[in-house]
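First the structure, in the form of structure tokens, and then the observations on it.
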Amino acid sequence: MSCGNPQTEQDALMIRRKKFDQARTCVKCKTNSGSIVVRYAVYCKECFFPLVASKFRRSLEPTINPITDGPRRRGLKASGNLLLGLSGGLGSTVLLDLVNRTYFKEPSTENGIEKPRGGKDHPRNGSVWAKTAVCYVETCSAFSGVRDKTEEIRAVVDKYDRFDFIPLRIEDAFDNAWWENIGGPPTQQEFGVDVTNEDLFLSTFATGETDSPVSCLKNYIASLPTQTAVPSAVQTLTRLLLLHTAMMTASSHLLLGTSLTSLSISLISSISQGGGFVVREEAQEEWTPRMSVDSNTTERKAGTVRTVRPLRDIGMKECGIWAWWNGLHIVGRERFPGGRQSIGALTKDFIIGLERDYPSTVSTIARTCAKLAPKEGADSICLICERPAQYGIQDWKARISIRSFEDLSSASYRPSHFPERIIKTSPTTPNPPRSPSLTPLLCYACHTTLTSRSIRGTTTNSSMIRRQSVPLPVWVNSRFDIDEKSNGEIWARTQMKGDQMKASIAEFLLNG
Amino acid sequence: MSTISLKIEFGGGLELLFANQRSYSLSIPAIVPTNNRTTPTPPPTPDQPQEPVETKPADVTYLIHHMRDHLLKEREELFIEDDTVRPGILVLINDVDWELEGEGEYVLKDGDEVVFISTLHGG
Ligand SMILES: [Zn+2]
Ligand SMILES: [Zn+2]
């Protein structure tokens, strides 16, 4: 006897059954002959479009007004502008189309894309959000043999003639000019991190020593210990570039084209890479910029950016059919070269195969993850991904990991109950003065991305010298400062004591 | 030997595997080997006499093999897997989801339009 969802139960038993229930007639209008099967239900072409559009609105609209799930009968009004992340992939291309049709299109132009009367700045064409921009992050510099698709993406955005286009490049994450352009505090000193040691000690680069943003990026990528870490790192950099762009454009919402299928892939892949603590953030999250924006550049002071994935109940199949029947051009998004054996790529193959053979299981994954809540509260914000982090991950790792002799010796000169935080060199240390460690300021997943080696051994393509001084993204760099009075020791900037940094770290910084 | 004419289209970037050509018109035999072999069987030799070839009416499974053998330009593993299309590739037969038409077992008719759409290009 079971009280669960019979469809899900059936999948759970892994009994392969017919792809659709009952007859070939549409379950909605019960008149037309069916054209598509969506999780065992048959829909005709006419009923398919409103089905997808209503799933999209049902996911997005409760998040538009500043108070989520509040009454919306008075209408939808966001507190800021809208930023759409467009990768050129299927999901984000469909998202752009749905946003345009739902919130910008005049009723008379139901079919085909037509230009709005009055142009993109006409007040009629932006009642929910005052302004809408589309941001694309070109990642080709992170990989060899990948073509630059910026112009193809620009052509997609230009067709709508009402969205501002903001093209970025993944190396902007290492570019001080970009950082200052979006209103970031000028970087006085750049830091490198030693990824050969789990403590991730920081060192300073001498002035003029740092390379171009592209070579910093390549150095960062080359320093990563596994194939799995590369797409994860690129994803995190992309996410932070989008979030900072949302801040810069005074956007209250960042919309991403993550479908139900991709959400399940990223949830499983994130959990298997140590991201279980932020499993809810994978579905929806709020991010508050640490810096305040210069009020000259935007009318709205930097507020919270809400990341929403309005396609999270719509599978890849529905997206693919939507794009085909609406004649959308998919620029495409390449698989990361050489990443076929990464956890992300393997998870993708697994989930997509599962979705074909047992269509309900994939939505079960997303629903189950939505119910997960971490047992312990977040007590800090990770410096690299700016997501909630748990304090003390390094202690925990030390307890569960099999360490090499080298690791043991480096950990041995501090008592295990005294976790090293960002700390001034202890006077009792017998060794030469040690630099501060980045590890206590990172979440488990980012620490794993930078340090966790695969069974097959460490990378051999990067020299040890490079690995001992790997550049950091600009938003991490700007968190540290040099204390001139105490022989150039590195200190976390006072900014880090912001609201988000909870007692443990903030207290330490105050007391030194 | 009678043939059937078909129109094939690609969506979602799948055309990249097929010389970047979005649509093809092609003819295939109406009756094909059950093992989906798309090239003629080699002539019989004295020590290897011709086995009688089992046949079936041309279906979508045969079409997929034909496309792999004659149209696909690169990376067949991105198109075909276990004698069918790889998971994540959608098929429409005359604008209807092939899951409603018996998938690979659908028997092709002259003038059928078959669309292959990739959903593998992520979000
Ligand atoms: Zn209907
Ligand atoms: Zn992190």
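Amide H of residue B:4: which non-local residues (sequence gap of 5 or more, or other chain) have their own amide H closer than 5 Å, using H built in the peptide plane?
Amide H to amide H, under 5 Å and 5 or more residues apart or across chains, residue B:4 pairs with B:28, B:30.
Can you list residues from other chains, or at least 5 along the same chain, whose modelled amide H is less than 5 Å from the amide H of residue A:387?
Those lying under 5 Å, H to H, from residue A:387 are A:382.
Residues of A:257-267, mean number of Cβ from any other protein chain within 10 Å of their own Cβ, rounded to a whole number?
2
Order the peptides A:191-202, A:321-332, A:361-372, A:147-158 from the highest to the lowest mean number of other Cβ atoms within 10 Å of their residues.
Top to bottom by mean Cβ count within 10 Å: A:191-202, A:321-332, A:361-372, A:147-158.
Would you mind giving the mean number of other chain beta-carbons within 10 Å of the Cβ of each residue in B:98-111, as a whole number?
Per-residue shielding by partner chains comes out at 2.
Starting at the first residue of the range A:31-48, write each ³J(HN,Hα) from the Karplus equation 6.51 cos²θ - 1.76 cosθ + 1.60 with θ = phi - 60°, in whole Hz, x for Gly and Pro.
Here the 3J(HN,Hα) series is 10, 6, 6, x, 10, 8, 9, 10, 6, 6, 9, 9, 10, 7, 5, 5, 7, 5 Hz.
Highest mean first, how do A:308-314, A:471-477 rank when packing is the count of other Cβ atoms within 10 Å averaged over residues?
A:308-314, A:471-477
Cβ neighbours within 10 Å, averaged per peptide: list B:98-105, A:129-136, A:350-357 in order, most packed at the top.
Order by mean packing, descending: A:129-136, A:350-357, B:98-105.
Using the beta-carbon distance between residue A:29 and residue B:51 and R0 = 60 Å, what value does 1/(1 + (r/R0)^6) give for FRET efficiency, to the nearest 0.05?
So the FRET efficiency works out to roughly 0.70.
In whole percent, what relative contact order does chain B give with Cα contacts below 8 Å and a gap of six or more residues?
RCO, chain B: 35 percent.
Tally Lys and Arg at +1 and Asp and Glu at -1 over the other residues with C-beta under 13 Å from the C-beta of residue B:70: what net charge comes out?
The answer is +1.
Residues with beta-carbon under 9 Å from that of residue A:150, excluding residue A:150: net charge, scoring Lys, Arg +1 and Asp, Glu -1?
-1
Tell me the trypsin sites (Lys or Arg not before Pro) within the range B:1-98 that lie in a loop according to DSSP and have at most 12 other beta-carbon atoms within 10 Å.
B:22, B:73, B:75
Residue A:101 to residue A:53: extension gain in nm, 0.36 nm per residue of separation minus the Cα-Cα distance?
16.4 nm
What is the sum of charges around residue A:177, taking Lys and Arg as +1, Asp and Glu as -1, for the other residues whose C-beta is under 13 Å from the C-beta of residue A:177?
Here the count lands on -3.
Step through the residues of the range A:360-369 one at a time and calculate ³J(HN,Hα) from phi using the Karplus curve (6.51 cos²θ - 1.76 cosθ + 1.60, θ = phi - 60°), rounding each to whole Hz and writing x for Gly and Pro.
Listing the rounded values in order: 7, 5, 5, 6, 5, 4, 5, 5, 5, 5 Hz.
What's the buried accessible area, both sides, between B and A using a 1.4 Å probe, rounded to 100 Å²?
2600
Work out, step by step, the length gained on full extension between residue B:107 and residue B:77: first 0.36 nm times the residue separation, then minus their alpha carbon distance; give nm to one decimal.
8.4 nm
Scan around residue A:134 for amide H atoms under 5 Å from its own, H built in the peptide plane at 1.01 Å from N, and keep only partners 5 or more places away or cross-chain.
Answer set, sorted by chain and number: A:84, A:164, A:165, A:166.
Need one value for A:311-320: mean number of C-beta atoms belonging to other chains within 10 Å of its residues' C-beta atoms.
Neighbouring Cβ atoms belonging to other protein chains average 4 per residue here.
³J(HN,Hα) across the range A:86-92 via Karplus (A = 6.51, B = -1.76, C = 1.60, θ = phi - 60°), whole Hz, x for Gly/Pro?
In residue order, the calculated couplings are 10, 9, x, x, 4, x, 6 Hz.
The values are calculated or read from the model by the stated rules, or taken from the named source; none is laboratory data. Values in this document were obtained by computation on a predicted structure and should not be read as measured data. FYI the Cβ positions are ideal-geometry reconstructions off the backbone, even for glycines, and counts take in every protein chain you see. Side chains are part of the model used for accessible areas, which takes the heavy atoms of the whole protein and leaves out ligands, DNA and RNA. Shrake-Rupley method; radii C 1.70, N 1.55, O 1.52, S 1.80 Å.
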